[in-house]
Amino acid sequence: MASDEKETNGIRLWSYVVIIVLLSDSNALFKFTNVKCTCYERSFCELKLCELKVLGRGIVGLNLHAQVHKLPIKSTTCVLTMFRRFSGYRPFLFNATLDVCHFLKHRKRYPFADLVYEGIKNFSNLNHTFPMQHDIIVSQMILNDDMISKAPALNGFYKLRFVVKTDGVWRGEVEVYAEVNLGIDRW
Ligand SMILES: *[C@@H]1O[C@H](CO)[C@@H](O)[C@H](O)[C@H]1NC(C)=O
Ligand SMILES: *[C@@H]1O[C@H](CO)[C@@H](O)[C@H](O)[C@H]1NC(C)=O
Ligand SMILES: *[C@@H]1O[C@H](CO)[C@@H](O)[C@H](O)[C@H]1NC(C)=O
């Protein structure tokens, strides 16, 4: 039975090695690949920062600073659309128009938007309800595997687009690109 035991340990060691390899591979898991921001009107907003930065091996942080010239920000609508790359990015699974004030007060009614917000909240100053009396800042936001463990994620390249309207005027948009690479297809 001693040999059986050795074999089991061997397998355990082997899966451990596989996990380490997956985790340390910078192409693995869930990470940002690009970000693009646009302010439609300089008189309303200006982008001081919209970039990805490598924070460590395989760790990519997102920084965004949109200076807002007309405060406070009150009524805000956001069109949130997910895309997946096939040949070119196509709308995929989620597209909705959100009243952001309503969303912030009743988050549980918007499961997908809430998942996205949970991912952003800790890294931004958008962590409270309206009105917003300040610039919009996201600082060193990182993605982690837990964020997609709750969502049906397939390996691939994705884009999430936020188009924002305040006081009835379209103000700008942010497009965030990410890669999901779990090493294996879960589905
Ligand atoms: C997404 O939904 C909005 C309305 O909520 C609509 O105007 C827009 O055309 C839709 N976009 C796509 C890509 O389906
Ligand atoms: C945000 O912070 C809370 C409290 O510190 C923590 O429980 C949660 O896991 C964090 N979420 C993310 C996405 O980092
Ligand atoms: C929001 O974030 C700021 C800066 O990170 C922090 O000082 C503040 O306590 C947070 N507010 C809430 C309601 O979590």
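Coordinate-derived values only; no laboratory data. Just so you know, these numbers come straight off a predicted model, no measurement behind them. Reconstructed Cβ throughout: ideal geometry from the backbone, glycine too, with neighbour counts over all protein chains shown.
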Span from the the stretch 132-164 Cα centroid across to the the stretch 88-124 one, whole angstrom: 9 Å
Rough spin-label spacing in nm, given labels placed 7 Å along Cα→Cβ, for ASN125 and PHE92: 3.4 nm
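Could you calculate the contour length gain from ASN155 to GLU118, that is, 0.36 nm times the residue separation minus the distance between their Cα atoms, to one decimal place in nm?
Numbers: separation 37, 0.36 × 37 = 13.32 nm, distance 2.13 nm.
Gain in length upon complete extension: 11.2 nm.
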Per-residue Cβ neighbour rank within 10 angstrom, fewest leading, SER75, SER87: SER87, SER75
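Direction-averaged shadow area of the convex hull around the Cα atoms of the stretch 78-133, nm²? Could you put the intermediate results ahead of the total?
Working: hull surface 18.2 nm².
Orientation-averaged projected area of the Cα hull: 4.5 nm².
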Diffusion constant of the stretch 27-181 at 4 °C, which comes from Stokes-Einstein with the Kirkwood Cα-pair radius and 1.567 mPa s, µm²/s: 80 µm²/s
Label-point gap, in nm, between CYS101 and GLU173 - each point 7 angstrom along Cα→Cβ: 2.5 nm
Theoretical FRET efficiency, 1/(1+(r/R0)^6), r = Cβ-Cβ of LYS165 and LEU55, R0 45 Å, to 0.05: 0.90
Theoretical gain in end-to-end length, LYS74 to GLN140 [0.36 nm per residue, Cα-Cα removed]: 21.2 nm
Cross-link reach list, lysines versus LYS31, counting only Cα pairs under 20 Å and skipping chain neighbours closer than eight places: LYS53, LYS121, LYS150, LYS159
